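One structure below.
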Amino acid sequence: MLNQILKFGRSAIRKLIRLAALPLLQGPEEVLVGGQAVIEGVMMRSPHSYAIAVRKPDGSLAVTQGFLERPSEKHAWLKWPVLRGLGTLGQAMVLGIRALRFSAQEALAEESPSVDAAKKEGKKKADLGNGLLALNLILSLGFFIVFYKLVPLYLATRAQKHFTIFGSMIMFNLLDGIIRIVLFLAFLYLLSRSKEIQRVFEYHGAEHKVVWAFEKTGRTELADARKSTRFHPRCGTSFLLVVMVIALIVYLFLPFHSFAARFWSRILLLPLIAGVSYEFIRYAAKSKGWIWRAAAAPGLWLQRVTTREPDDSQLETAIRALDTAMELERTKGGELVIA
């Protein structure tokens, strides 16, 4: 009994480690083709459809698909600047959770000796996947608030007591922002050292290479994907860096002096900062000029950490996901135009 508990605990921790990194792998933009790595697979989306392909333990592919409706098509007020970013990011989060739930269930699935056993095992794995996802959401939110809001603020407050240079509002908030970015980079590096996350990073590389192949050639051929780069400017890593830089700038001018006021102002401003960051990325992508290159460069550098070169089976998984999403887009009457 104890061995089973320990085995389950180790398995749950490994899955949580991989799940915790997935926001880094998800692109924030409302684009023609994009996606994210999931557990042993890839989710791909087009404007009105998505597909998730997951490599099962027996080597076969499990695929699910569905239609999407843009938030701005449901609610006209989500077409407004800043608000449209929140709508897009909210939909991406919901779709990401859906993809994670499916991948967790399929990646944990094993062959069962009978139909009844398969049904029981499937229900057990589904419950486990749902439980892990719910736990991951709670832990991720708590981790984000503590690690990226509370800890930098606490360290900056301690430094302020020992160094007079941080007595001014701007210098204090600048130190807080620098600490936050350093913690993010350190966490990313330590995460990349985990063997559990490296498989996800390989699928992340596969997703980028297949998207690049499609955008350059209009095809989803394995040979084209092999030759493509695994670094792509539309990536969640780039978006998170932009969020942190914009947060640093916004926080510079917060006129609060008490620890509680500083902490809660940072929490309450998160939606605004996310929306503004989306608008910056959107504008930079459209301009394709020096702003876009400057915004994309740090994320491309960091993708040397958050992506790995995939093997052919991983590329084939990403290709299957993109082909399925595009086929579903066509049945809805969507026109696929290479960006």
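Read the figures in this text as sums done on the coordinates, not as results from a lab. Keep in mind it's a predicted model, so treat the numbers as computed, not measured. Cβ coordinates were reconstructed from backbone atoms using ideal geometry, including for glycine residues, and neighbour counts include every protein chain displayed.
Please give me, ordered by residue number, the GluC sites (Glu not before Pro) of segment 29-100 that lie in loop per DSSP and have at most 14 other Cβ atoms within 10 Å. Mind dumping the intermediate values first?
Working: sites: GLU29, GLU30, GLU40, GLU69, GLU73; in loops: GLU29, GLU30, GLU40, GLU69.
Qualifying residues, ordered by number: GLU69.
The phi torsions of segment 42-49, fed into the Karplus equation with coefficients 6.51, -1.76 and 1.60 and a -60° offset, translate into couplings of 9, 9, 10, 9, 10, x, 10, 7 Hz, rounded to whole numbers, with Gly and Pro shown as x.
Round to the nearest 0.05 the FRET efficiency obtained for GLU221 and ASP58 when R0 = 22 Å and r is the Cβ-Cβ distance.
Numbers: r = 26 Å, r/R0 = 1.17.
The pair GLU221/ASP58 has a calculated efficiency of 0.30.
Extension gain, ILE181-MET169: 0.36 nm per intervening residue step, less the Cα-Cα distance, totals 2.5 nm.
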